[in-house]
Amino acid sequence: MSDLELEGSPAVALADYDSIARVYDLWASCDPASKPCWDFYRREVTRHGGVCLEVGVGTGAVMLGAGPTVAHYYGIDLSRSMLAELETKRASLPPLPFSYTLIHGDVRQIRLSGPPPTLAIVPFRTVGHFLTADSRIALLRHLREICAPGARCILDHYKFNLKWAQQHDRVTRWMGEGTINGQTFVLSDTYAYDFARREMECLLCVEEIARHGTVVNKRYSAFRFSWLEDDEVYRYAEIAGWRVEQRWGDFEYSDFSGDAKDQVWLLRAP
């Protein structure tokens, strides 16, 4: 059974995914980190079971792959179009083995009318859309307030590579191409870094290609994003009322180290 709730109104536009909802799955699949990331969260959600809340549910990469141990699933997103894509995908699949509620709005403002989550997840670098320390603390604090006692929270981000960023600053990168409903799309990214502010703007170019090779439509979508220093989450978790239980360096549960490519955090509430 599904419910659709419209809760609150975004205080801050974290990113406009409405403009790319149609091509989001293709774009994300061009990132080699997407599959191990989503596989990890599907495993964790299924292993934990109970009531799960996902921040940035998007088109349902995690939710639609979760197992029958889940009792209820809250999927929260700022983009109505992404939620619509999720529902379209879900309608083409067998019924989910759990009930769910999709919520359009800013997670920092929502109130849940159903059972409190025992697990909250913030997957695939979604925390990077919260651009300031205060906004990240507000996110974690609100999750702590609406989750059950003893709940867990899992979030991730890449480990920032300064050398790579300097080499790719304002350099357009071909991401990939694919076909959606018979239409061919070519995608490219350009990252413009503000190293002093620890932010970047990602400019996504989406080109629609006709069968004879002509570009029939070309559009750009821009997203602001920030990155985390290695130990930031320890401070945020303490302020927000969580305890860091584990930190991994990838989605295969390797210990975090200086040469890790990712930061994957497991937090627990009192």
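The values are calculated or read from the model by the stated rules, or taken from the named source; none is laboratory data. Note that the structure is a prediction, hence the values are computed from the model and not measured. Cβ coordinates were reconstructed from backbone atoms using ideal geometry, including for glycine residues, and neighbour counts include every protein chain displayed.
Some observations on this one:
- Cross-chain or 6+ apart pairs with Cβ under 7 Å, the stretch 231-247 first and at positive phi, then assigned to a helix (DSSP H, G or I) and not hydroxyl-bearing (Ser, Thr, Tyr): 241/141; 241/144
- When the stretch 109-130 is limited to residues that are in contact with a Leu (Cβ under 8 Å, 6 or more places away or on another chain) and over 23 Å from residue 99 (Cα atoms), the one that is surrounded by the most Cβ atoms within 10 Å (Cβ to Cβ) turns out to be 127.
- Given (1) outside the structural domain of residue 72 (by TED's automatic domain parsing); (2) without any contact (Cβ under 8 Å) to a residue 24 or more places away in the chain; (3) more than 22 Å from residue 32 (Cα to Cα), number of the condition residue 219 does not satisfy: (2)
- Taking the stretch 192-234 as the range and being over 26 Å from residue 154 (Cβ atoms) and under 21 Å from the mean Cα position of the chain (by Cα) as the test, the residues that pass are 192, 193, 201, 203, 204, 205, 206, 220, 221, 222.
- Checking each residue in the stretch 186-200 for being out of contact with any strand residue (DSSP E or B) (no Cβ under 6 Å at 6 or more places or on another chain) and either of a type in the set (A, V, I, L, M) or modelled with pLDDT of 95 or more (or both) picks out 194, 195, 196.
- So residue 215, is it modelled with pLDDT under 95 and either among the β-branched types (Val, Ile, Thr) or surrounded by 15 or more Cβ atoms within 10 Å (Cβ to Cβ) (or both): yes
- Residue match in the stretch 8-17 (condition: at pLDDT below 95 and within 19 Å of residue 185 (Cβ to Cβ)): yes
- Flag if residue 98 is crowded, with 18+ Cβ neighbours inside 10 Å and out of contact with any Asp or Glu (no Cβ under 9 Å at 6 or more places or on another chain): yes
- The listed residues are 258, 249, and the only one of them that is in contact with a strand residue (DSSP E or B) (Cβ under 7 Å, 6 or more places away or on another chain) and either basic (Lys, Arg) or over 24 Å from residue 144 (Cβ atoms) (or both) turns out to be 249.
- For the stretch 91-113, the set of residues classified as in contact with a strand residue (DSSP E or B) (Cβ under 9 Å, 6 or more places away or on another chain) and free of Cβ contacts under 8 Å to residues at least 60 places away in the same chain consists of 96, 97, 98, 107, 112, listed by residue number.
- Extreme residue, surrounded by the fewest Cβ atoms within 10 Å (Cβ to Cβ), among residues of the stretch 23-59 that are charged (D, E, K, R) and in contact with a Ser or Thr (Cβ under 8 Å, 6 or more places away or on another chain): 47
- Scanning the stretch 228-270 for residues that are in a strand (DSSP E or B) and among the polar types (S, T, N, Q) yields 246, 263.
- Which numbered condition residue 231 fails, given (1) surrounded by 12 or more Cβ atoms within 10 Å (Cβ to Cβ); (2) more than 24 Å from residue 179 (Cα to Cα): (1)
- Of all residues making up the stretch 235-266, the number that are within 20 Å of the chain's Cα centre (by Cα) and exposed (fewer than 13 other Cβ atoms within 10 Å of the Cβ): 3
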